[in-house]
2 protein chains.
Amino acid sequence: MKRIKLTVAYDGTNYCGWQIQPNGNTIESVLDKGIKCVTGEDVHVIGASRTDAGVSALGNVAVFDTESMIPGDRFAYAINQHLPDDVSVVDSCEVSPDFHPRHCNTVKTYEYKIVSSRFPVPQLRNSAWNVPYSLDVDKMRQAAQYLVGEHDFKSFACVRTSAETTIRTIFSVEIEKTPFNTKSSHLADSYVYVIRVTGNGFLYNMVRIIAGTLMQVGKGQLQPQDVKEMLDAKDRTAAGQTAPPQGLTLVNIYFEESEM
Amino acid sequence: MKRIKLTVAYDGTNYCGWQIQPNGNTIESVLDKGIKCVTGEDVHVIGASRTDAGVSALGNVAVFDTESMIPGDRFAYAINQHLPDDVSVVDSCEVSPDFHPRHCNTVKTYEYKIVSSRFPVPQLRNSAWNVPYSLDVDKMRQAAQYLVGEHDFKSFACVRTSAETTIRTIFSVEIEKTPFNTKSSHLADSYVYVIRVTGNGFLYNMVRIIAGTLMQVGKGQLQPQDVKEMLDAKDRTAAGQTAPPQGLTLVNIYFEESEM
């Protein structure tokens with residue numbers, strides 16, 4: 001018996017999230033089925049991050065155990081032959097049988113994408129939040145700096161969170177602003193904002209509440225220093241709105257070598 | 001009676017192309033229906049470029065005639081209320097009743113997107129051609145320069161073309177290479193190539209044959225100077241492969257002011 005770690009990319013648009021549901025298709029279930037096609041074994045993958053409906057990933061992580069003789073690094077190619085085209089395994093390797101992707105110290109990076117455009121941009125409808133305002137990126141960056149460091153993020157978590165503690169550490173919040181397409185005459189004033197948040201763990205809806213709050217700062221509805229008061233309040237109603245799921249991508253999870 | 005010009009963006013994934021078909025949904029038909037919801041009139045839009053199934057646009061152009069009292073610049077907002085979320089009108093204005101978007105001198109810009117990645121990238125499956133090789137962008141740029149200028153592009157047109165002449169002028173071919181996402185550990189060696197072609201008109205499949213040929217140059221299967229021989233041959237079988245439709249976007253059509 002050996003344990004295989006998969007790194008998984010997916011477009012979450014057509015899924016009810018990661019975790020198997022009584023009704024509706026999930027990332028977990030298509031992985032289980034894909035693995036069964038390869039090894040013949042009934043498996044249930046363990047995911048590092050149980051992303052919500054509509055949320056995407058470039059580097060979520062799943063593990064499963066197998067008696068198969070296939071070398072660890074060959075599983076990515078083999079499983080991809082049995083996955084729909086909106087899910088792709090981008091790496092596979094054998095790990096220690098003790099490795100559990102949710103019981104490890106990790107560094108996770110999420111990106112939240114906003115497109116500011118007077119008219120909806122169909123190409124980004126499943127991967128960005130379309131807002132019809134221009135956003136002040138300098139104010140958004142000022143606001144973001146209050147979030148960096150170890151804080152109690154209770155105000156930035158869905159009230160339904162089951163976490164034991166709401167203290168987390170954010171290592172960085174970067175905000176990039178790029179023109180959507182300068183060659184398009186009528187979308188020349190549309191911009192894509194990427195809010196990139198890296199931390200040691202995130203509460204339920206935390207990145208989406210951060211993105212919604214920073215959008216409101218960019219729009220001028222909130223001031224950068226309001227974010228400090230939101231953290232101090234330790235109350236979900238103090239922070240800004242929850243941004244919609246389609247803008248969110250789990251980009252990367254870093255595990256310490258010693259844990260694998 | 002007045003003539004309205006619409007600039008239209010769409011994700012072509014779920015469409016059988018621009019032009020109305022006996023079976024299957026088309027961009028033309030959703031625009032006709034959207035306009036009818038606004039004005040109550042039965043209209044048939046005239047499109048500037050009848051893009052193929054799976055091809056997208058940021059700036060295709062359509063015109064229609066109406067007795068409506070709605071000011072020209074308000075149609076974009078009004079029609080968008082009655083369009084699916086993969087089609088969006090990004091500008092509208094009144095034009096001369098004589099303006100016909102296919103009987104004008106224009107400058108058109110297309111972009112063809114390729115992602116070079118060992119594993120499929122689900123996020124780009126409907127907007128880029130995924131090739132599992134790395135591509136030599138310098139060679140692609142060398143090859144592209146042979147295409148710039150006035151040439152007989154017979155080798156770069158689908159044999160089914162009905163054009164009277166196969167002579168066209170390409171003003172520029174730009175090729176950009178950018179990392180797909182440097183924060184993703186396992187997709188860090190994936191690159192997005194944008195081939196941007198601007199010209200006074202394009203033959204059927206011309207940009208897709210250019211993109212397919214340049215991909216083969218980038219892969220090392222063809223040499224840059226082969227492109228000169230392809231042009232000279234005036235024979236479709238001399239040029240490279242036709243790249244798949246999902247990588248292609250009609251970005252912009254420029255009309256001379258005097259023609260509107």
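The values are calculated or read from the model by the stated rules, or taken from the named source; none is laboratory data. These numbers were taken from a predicted model, which means no experiment stands behind them. All Cβ positions, glycine included, derive from the backbone under ideal geometry; neighbour counts span all protein chains shown.
Quick one: A:P122 ticks every box in (1) free of Cβ contacts under 8 Å to residues at least 24 places away in the same chain; (2) out of contact with any Phe, Trp or Tyr (no Cβ under 6 Å at 6 or more places or on another chain); (3) under 24 Å from B:P84 (Cα atoms); (4) of a type outside the set (D, E) bar one, so which box is it?
(2)
Criterion first (in a helix (DSSP H, G or I) and under 21 Å from A:A128 (Cβ atoms)) does A:I210 satisfy it?
Yes: the conditions hold for A:I210.
Rundown of residues vs (1) outside the structural domain of B:I114 (by TED's automatic domain parsing); (2) over 30 Å from A:L6 (Cα atoms); (3) assigned to a loop (DSSP other than H, G, I, E, B), yes/no style:
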{"residue": "B:D189", "(1), (2), (3)": "no, no, yes"}
{"residue": "B:Y193", "(1), (2), (3)": "no, no, no"}
{"residue": "B:L203", "(1), (2), (3)": "no, yes, yes"}
{"residue": "B:V217", "(1), (2), (3)": "no, yes, no"}
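Could you grab me the full set of residues in the stretch A:1-15 that are of a type outside the set (S, T, Y) and modelled with pLDDT of 95 or more?
Once the filter is applied, which keeps residues that are of a type outside the set (S, T, Y) and modelled with pLDDT of 95 or more, the stretch A:1-15 yields A:K2, A:R3, A:I4, A:K5, A:L6, A:V8, A:A9, A:D11, A:G12, A:N14.
What are the residues in the stretch B:39-61 that are surrounded by 24 or more Cβ atoms within 10 Å (Cβ to Cβ) and not β-branched (V, I, T), if any?
Selection gives B:A48, B:S56, B:A57, B:L58, B:G59, B:N60.
Scanning for something at negative phi, of a type in the set (A, V, I, L, M, F, W, C) and either in contact with a helix residue (DSSP H, G or I) (Cβ under 7 Å, 6 or more places away or on another chain) or modelled with pLDDT under 95 (or both), does the stretch A:105-112 turn up at least one residue? Steps first, please.
At the first step, the residues of the stretch A:105-112 found to be at negative phi are A:105-112.
Next, only the ones that are of a type in the set (A, V, I, L, M, F, W, C) stay: A:107.
With the extra rule that they be either in contact with a helix residue (DSSP H, G or I) (Cβ under 7 Å, 6 or more places away or on another chain) or modelled with pLDDT under 95 (or both), the set shrinks to none.
No, the stretch A:105-112 contains no residue that is at negative phi, of a type in the set (A, V, I, L, M, F, W, C) and either in contact with a helix residue (DSSP H, G or I) (Cβ under 7 Å, 6 or more places away or on another chain) or modelled with pLDDT under 95 (or both).
Suppose we filter the stretch B:1-16 for residues that are in contact with a Pro (Cβ under 9 Å, 6 or more places away or on another chain) and surrounded by fewer than 24 Cβ atoms within 10 Å (Cβ to Cβ); how many remain?
So the answer is 5.
In the stretch A:123-163, which residues are surrounded by 15 or more Cβ atoms within 10 Å (Cβ to Cβ), farther than 16 Å from A:G240 by Cβ and among the small types (G, A, S)?
Within the stretch A:123-163, A:S127, A:A128, A:S134, A:A163 meet the criteria.
Restricted to the stretch A:215-260, and to residues that are more than 14 Å from chain B (Cβ to nearest Cβ), without any contact (Cβ under 8 Å) to a residue 12 or more places away in the chain and under 30 Å from A:N105 (Cβ atoms), which residue is surrounded by the most Cβ atoms within 10 Å (Cβ to Cβ)?
Among those residues, the one meeting the criterion is A:D232.
Counting only residues that are of a type in the set (A, V, I, L, M, F, W, C) and facing chain B (nearest Cβ under 10 Å), how many does the stretch A:7-20 have?
Going through the stretch A:7-20 one residue at a time, the tally reaches 2.
Of A:V38, A:V115, A:V89, A:V95, which residue is in contact (Cβ under 8 Å) with a residue 24 or more places away in the chain and either assigned by TED's automatic domain parsing to the domain that holds A:A243 or under 30 Å from B:D91 (Cα atoms) (or both)?
Among A:V38, A:V115, A:V89, A:V95, only A:V115 is in contact (Cβ under 8 Å) with a residue 24 or more places away in the chain and either assigned by TED's automatic domain parsing to the domain that holds A:A243 or under 30 Å from B:D91 (Cα atoms) (or both).
If you scan the stretch A:107-117, which residues turn out to be crowded, with 17+ Cβ neighbours inside 10 Å and within 12 Å of another protein chain (Cβ to nearest Cβ)?
Those that are crowded, with 17+ Cβ neighbours inside 10 Å and within 12 Å of another protein chain (Cβ to nearest Cβ): A:K108, A:T109, A:Y110, A:E111, A:K113, A:V115, A:S117.
So, of the residues in the stretch A:82-97 that are part of a strand (DSSP E or B) and more than 9 Å from chain B (Cβ to nearest Cβ), which turns out to be surrounded by the most Cβ atoms within 10 Å (Cβ to Cβ)? Lay out the reasoning, then the answer.
We begin by selecting, within the stretch A:82-97, every residue part of a strand (DSSP E or B); these are A:87-95.
Then keep just the ones that are more than 9 Å from chain B (Cβ to nearest Cβ); that gives A:92-95.
Numbers: A:S92: 23, A:C93: 15, A:E94: 16, A:V95: 18.
My answer is A:S92.
What are the residues in the stretch B:146-169 that are modelled with pLDDT of 90 or more and charged (D, E, K, R), if any?
Across the stretch B:146-169, the qualifying residues are B:E150, B:D152, B:K154, B:R168.
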